[in-house]
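K.L.:
Shown below is the structure under consideration.
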Amino acid sequence: MHIIQAVIGAVLYMTIFFSIGFILNMLLKKTWTLVFIYPIFVIMMIDNVKLSSYVTETSTALSSVYKGLVGLQVLDLFMLGFGLLGAILAGVTIRFLRKSGYSMF
């Protein structure tokens, strides 16, 4: 992966997760919803294990997650980090809007 692709991907990840987090925060009235859900998104992106196997075959599924996390490259971590930053910025934005008096947020 080239550095230009990683930068564009990082901006897209941040925008997507900011948008999703902002909408979830408005609908659910919970400020940090996506920040807690984000690791599940990451695991689903890097792992090809069904969710039911985490209950039935826990050790195999967690081993697969560990191998997937260790196998990530620096640019992948860069993009995923910007996705987390977008989720955090959505929470900060909603909190700021609520303190500023916007009651619908």
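The values are calculated or read from the model by the stated rules, or taken from the named source; none is laboratory data. Keep in mind it's a predicted model, so treat the numbers as computed, not measured. When we count neighbours, we look across all protein chains shown, and the Cβ atoms used for this are built from the backbone with ideal geometry, even at glycine. These area figures cover heavy atoms from the full protein model, side chains too; ligands, DNA and RNA do not enter into them. Shrake-Rupley method; radii C 1.70, N 1.55, O 1.52, S 1.80 Å.
K.L.:
Test of understanding: among Thr60, Thr31, which residue is among the polar types (S, T, N, Q), outside any loop (DSSP other than H, G, I, E, B) and touching a helix residue (DSSP H, G or I) at 6+ places or on another chain (Cβ under 8 Å)? Talk me through it step by step, then tell me what you get.
P.N.:
Values: Thr31 fails: outside any loop (DSSP other than H, G, I, E, B).
Criteria check complete, one pass: Thr60.
K.L.:
A further question follows. Looking only at segment 29-44, count how many residues are in contact (Cβ under 8 Å) with a residue 12 or more places away in the chain and either under 18 Å from Ser63 (Cβ atoms) or more than 8 Å from the chain's Cα centre (by Cα) (or both).
P.N.:
Residues flagged as in contact (Cβ under 8 Å) with a residue 12 or more places away in the chain and either under 18 Å from Ser63 (Cβ atoms) or more than 8 Å from the chain's Cα centre (by Cα) (or both) within segment 29-44 amount to 5.
K.L.:
Between a residue in segment 86-105 that is more than 27 Å from Val42 (Cα to Cα) and any residue that is modelled with pLDDT under 90 and of a type in the set (Phe, Trp, Tyr), which pairs come within a Cβ distance under 6 Å, given they are 6 or more apart or on different chains?
P.N.:
Leu97/Phe105; Arg98/Phe105
K.L.:
Tell me, please, whether a residue that is among the hydroxyl-bearing types (Ser, Thr, Tyr) and either outside any helix (DSSP H, G or I) or open to solvent by 50 Å² or more (accessible area, probe 1.4 Å) (or both) can be found in segment 36-45.
P.N.:
Taking segment 36-45 and keeping what is among the hydroxyl-bearing types (Ser, Thr, Tyr), we get 38.
Restricting the remaining residues to those that are either outside any helix (DSSP H, G or I) or open to solvent by 50 Å² or more (accessible area, probe 1.4 Å) (or both) gives none.
For segment 36-45, residues among the hydroxyl-bearing types (Ser, Thr, Tyr) and either outside any helix (DSSP H, G or I) or open to solvent by 50 Å² or more (accessible area, probe 1.4 Å) (or both): absent.
K.L.:
Just a yes or no: is a residue in segment 63-80 outside any helix (DSSP H, G or I) and either at positive phi or among the β-branched types (Val, Ile, Thr) (or both)?
P.N.:
Pass one, segment 63-80, residues outside any helix (DSSP H, G or I): 71-73.
Add one more test, that the residue is either at positive phi or among the β-branched types (Val, Ile, Thr) (or both), and what stays is none.
No, that holds for no residue.
K.L.:
Restricting to segment 86-105, count the residues that are closer than 22 Å to Gly9 by Cβ and open to solvent by 60 Å² or more (accessible area, probe 1.4 Å).
P.N.:
Number of matching residues: 2.
To keep it simple, each residue is scored yes or no on (1) without any contact (Cβ under 8 Å) to a residue 24 or more places away in the chain; (2) basic (Lys, Arg); (3) open to solvent by less than 90 Å² (accessible area, probe 1.4 Å).
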| position | (1), (2), (3) |
| --- | --- |
| Val49 | yes, no, yes |
| Ser52 | yes, no, yes |
| Val55 | yes, no, no |
| Thr58 | yes, no, yes |
| Val65 | yes, no, yes |
| Leu72 | no, no, yes |
| Met79 | no, no, yes |
| Leu84 | no, no, yes |
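K.L.:
Give just the number: which of (1) in contact (Cβ under 8 Å) with a residue 40 or more places away in the chain; (2) surrounded by fewer than 13 Cβ atoms within 10 Å (Cβ to Cβ); (3) part of a helix (DSSP H, G or I) does Met1 not satisfy?
P.N.:
Here Met1 meets the rest and fails (3).
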